Amino acid sequence: MAPNIDHTERGSSTPEGGARRALIVGVSTGLGNALALRLLARGCEVCGVGRSMPSNIPAGSRFRFAHLDLLDPSGIAPALEAFFLHGCR
């Protein structure tokens, strides 16, 4: 028997009224890009990392981007630190 999964749309804020935030790796294209667009449309704050700035996501108050190539592990810690200190908190 399949699990009972609730697919009901929910609001974009937490029960306490704060905005939801997401950190998306691979936001430049594909699934990561589609997820970022969906979450932004729902009013969420999105922090995205990728090899290039997505051309279809306008820079704005709810979207932050950092260049990060996961093939270069030395860049991972600084990118995450920048987000948590200055971006998505």
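Can you give me the distance in nm between label points at ARG62 and ILE76, each placed 7 Å from the Cα along the Cα-to-Cβ direction?
It is 3.0 nm.
Expressed as cubic angstrom per residue, what is the convex hull volume of the alpha carbon set of region 21-86?
72
We did not get these values from a lab; they are worked out from the coordinates using the rules stated. Predicted model only: the values in this text are computed from it and were never measured. Neighbour counts are summed over all protein chains in view; Cβ atoms, including those assigned to glycine, are modelled from backbone coordinates with ideal geometry.
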